[in-house]
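The values are calculated or read from the model by the stated rules, or taken from the named source; none is laboratory data. What you see is a predicted model; the values in this text were computed from it and never measured. Cβ sites come from the backbone with ideal geometry, for glycine too, and all protein chains shown count toward neighbours.
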Amino acid sequence: LPVGELVALVGPTGAGKTSLAYLIPSLLLPSSGRVFIDDHDVTDVDIDSLRQQVSYVFQEHILLSESIRGNLLLAKADATLEQMTQALTTAGCMEFIEDLPDGIDTVLGRSGDTLSVGQQQRLSIARGLVRDSSVLILDEPTAALDPRTENKLVTSLRAAAADRLVVVIAHRLSTIRRADRIVFLENGEIRDVGDHDTLMASADSPYREFVELQAGS
């Protein structure tokens, strides 16, 4: 998967999407086969060095009872205000941060409950972006977002993918169809790879069958 792409991992529950994503930063080791990043087998690379190159934003949002600035600095202790603002803007956070009493220095409640679930989700994405790593993995990044906010976020993520690889685990077709590349998994195997239009044009595409089944359910 080359830098510069937004890649969607797609498939039914239990297909292996998260397991595949876990292989990239060696959160899970392959039982067979090998994983390479920049032509290096991940098992031969220093684990700390590898994970500095990969940011993983989990579906469960973990925010501390700390300021928004403090939560971002957890990802990159020397991040500048400009870098934080850029990450917050890309993740669609500035529109609600500007309404908070102390802006970026607003202290969040326990587990971030000062914010809505969707706002917590976007702030978690911003924290992943501020690390400025070569690979950004997002688990269900639009699950708690309304269609308008989702559209803006996916547009921003496509722009952010210009100089990094962005991998999203996604269920929403509105997110999936805008990916540069779709990797469709089923029963632990990769069954289809391609963009949405190409795969939907193939009569025997497992991805197309999955999409049509979802649309009819």
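How about the range 29-48: which of its residues are assigned to a loop (DSSP other than H, G, I, E, B), more than 21 Å from the chain's Cα centre (by Cα) and surrounded by 10 or more Cβ atoms within 10 Å (Cβ to Cβ)?
Within the range 29-48, PRO30, ARG34, VAL45 meet the criteria.
For the range 89-112, state whether one or more residues are of a type in the set (Ser, Thr, Tyr), part of a loop (DSSP other than H, G, I, E, B) and within 12 Å of ILE68 (Cβ to Cβ). Yes, the range 89-112 contains at least one residue that is of a type in the set (Ser, Thr, Tyr), part of a loop (DSSP other than H, G, I, E, B) and within 12 Å of ILE68 (Cβ to Cβ). In the range 76-86, the count of residues that are more than 27 Å from ARG172 (Cα to Cα), in a loop (DSSP other than H, G, I, E, B) and in contact (Cβ under 8 Å) with a residue 40 or more places away in the chain is one or more. Just give me the residues in the range 8-17 being of a type outside the set (Gly, Ala, Ser) and either touching an Asp or Glu at 6+ places or on another chain (Cβ under 7 Å) or over 16 Å from ILE190 (Cβ atoms) (or both), in sequence order. Across the range 8-17, the qualifying residues are PRO12, THR13.
Yes or no, residue by residue, for (1) outside the structural domain of GLU82 (by TED's automatic domain parsing); (2) under 27 Å from LEU20 (Cβ atoms); (3) in contact with a strand residue (DSSP E or B) (Cβ under 7 Å, 6 or more places away or on another chain); (4) not aliphatic (A, V, I, L, M):
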| site | (1), (2), (3), (4) |
| --- | --- |
| THR106 | no, no, yes, yes |
| SER116 | no, no, no, yes |
| GLN120 | no, yes, no, yes |
| LEU123 | no, yes, no, no |
| ARG127 | no, yes, no, yes |
| LEU145 | yes, yes, no, no |
| ARG148 | yes, no, no, yes |
| THR155 | yes, yes, no, yes |
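In the range 160-179, of all residues being more than 18 Å from LEU129 (Cβ to Cβ) and part of a helix (DSSP H, G or I), the one that is modelled with the highest pLDDT corresponds to ILE176. Among residues belonging to the range 1-28 that are part of a helix (DSSP H, G or I) and in contact with a Gly (Cβ under 8 Å, 6 or more places away or on another chain), point out the one that is farthest from VAL183 (Cα to Cα). This residue is SER19.
When ILE62 is tested against (1) of a type in the set (A, V, I, L, M, F, W, C); (2) closer than 30 Å to GLY109 by Cα; (3) surrounded by fewer than 16 Cβ atoms within 10 Å (Cβ to Cβ); (4) free of Cβ contacts under 8 Å to residues at least 60 places away in the same chain, just one condition goes unmet, and that condition is (4).
Based on this model, can you work out whether VAL35 counts as farther than 25 Å from LEU123 by Cβ, modelled with pLDDT under 90, touching a Pro at 6+ places or on another chain (Cβ under 9 Å) and in the same structural domain as GLU212 (by TED's automatic domain parsing)?
Judged against the criteria, VAL35 is not a match.
Among the residues of the range 43-58, the one identified as more than 12 Å from LEU129 (Cα to Cα) and of a type in the set (Gly, Ala, Ser) is SER49.
When ASP197, ASP204, ASP192 are screened for being in a strand (DSSP E or B) and either at pLDDT 90 or above or outside the structural domain of SER32 (by TED's automatic domain parsing) (or both), only ASP192 passes. Taking (1) part of a helix (DSSP H, G or I); (2) closer than 13 Å to ARG127 by Cα; (3) at pLDDT below 90 in turn, ILE62 satisfies each apart from (1).
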